[in-house]
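Read the structure below first, then the notes.
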Amino acid sequence: MPKIHPFLWFDDRAEEAMDLYVSVFPNSKVLSVSRYSEAGQEIHGRPPGSLMTADFELDGVRVTALNGGPLYQFTEAVSFVIDCEGQAEVDHYWGKLGLEGGEPGRCGWLKDRFGVSWQVVPRQLFETIGGSDAAGRNRAMTAMMKMGKLDVAALEAAYAGKD
């Protein structure tokens, strides 16, 4: 088990987020859940039995989530990158995370309905914006900057000069 893993602070939707994420990513599972009790309720203010923390794996990456209250909010300063093999994976993750109550962004970024930021990135992005042809790299970068959800065919066409 790695020594470092993400810890996500939610107001009160950690269990809902965990359930969504585990259903969206392959090779994912709930590892453990702890719930608030009556002990300390004068401090935590949470209903007994509601989720306090959860540990789960997303495609083998351990994540911990906490229902800690409204003190902190997510920002784009921290995001998860999803490395996709192609357009079908981009479409899958974009649809499950961004369109079902989320907020599409630019250049492959989105926020899910919990406010967590994701970058849905096909490997072809790096093949085009990092390719050996300087003019092709510039065309692909220009095309990418105009996109919300990344379009593999459009990136490849731009790189090839067929846009």
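Observations, loosely collected:
- Of residues in the stretch 15-29 being surrounded by 10 or more Cβ atoms within 10 Å (Cβ to Cβ) and of a type in the set (Ser, Thr, Tyr), the one nearest to LEU71 (Cα to Cα): TYR21
- Total residues in the stretch 92-108 satisfying the condition of being touching a strand residue (DSSP E or B) at 6+ places or on another chain (Cβ under 9 Å) and surrounded by fewer than 17 Cβ atoms within 10 Å (Cβ to Cβ): the figure is 5.
- Pairs meeting the criteria (first residue in the stretch 11-27 and basic (Lys, Arg), second residue in a loop (DSSP other than H, G, I, E, B), beta carbons under 9 Å, at least 6 apart or on different chains) are ARG13/ARG113; ARG13/PHE114.
- Output for the stretch 9-29, where each listed residue is touching a helix residue (DSSP H, G or I) at 6+ places or on another chain (Cβ under 7 Å), under 24 Å from CYS84 (Cβ atoms) and not in a helix (DSSP H, G or I): SER28, LYS29
- Residue count, the stretch 55-82 (criterion: surrounded by 17 or more Cβ atoms within 10 Å (Cβ to Cβ) and among the aromatic types (Phe, Trp, Tyr)): 2
- Tabulated pairs, the stretch 68-90, first modelled with pLDDT of 95 or more, second in a loop (DSSP other than H, G, I, E, B), C-beta under 6 angstrom, 6+ apart or interchain: PHE74/GLY115; PHE74/VAL116; VAL90/LEU150
- Residues of the stretch 131-152 classified as closer than 26 Å to SER117 by Cβ, touching a residue at least 24 places away in the same chain (Cβ under 8 Å) and not small (Gly, Ala, Ser), total: 7
- Flag for SER32 being loosely packed, with under 12 Cβ neighbours inside 10 Å, assigned to a strand (DSSP E or B) and among the small types (Gly, Ala, Ser): yes
- Hits in the stretch 67-102 (condition: more than 19 Å from HIS5 (Cβ to Cβ) and in a loop (DSSP other than H, G, I, E, B)): GLY69, PRO70, LEU71, GLN73, THR75, GLU76, GLU85, GLY86, GLU100, GLY101, GLY102
- Restricting attention to the stretch 113-135, the residues that are of a type outside the set (Lys, Arg), touching a strand residue (DSSP E or B) at 6+ places or on another chain (Cβ under 8 Å) and surrounded by fewer than 16 Cβ atoms within 10 Å (Cβ to Cβ) total 0.
- Failed item, numbered, when THR53 is tested on (1) within 23 Å of LEU125 (Cβ to Cβ); (2) among the polar types (S, T, N, Q); (3) outside the structural domain of LEU150 (by TED's automatic domain parsing): (1)
The values are calculated or read from the model by the stated rules, or taken from the named source; none is laboratory data. Quick caveat, the model's predicted, so the values are computed rather than measured. Heads up, the Cβs are rebuilt from the backbone with ideal geometry, glycines too, and the neighbour counts pull from every protein chain shown.
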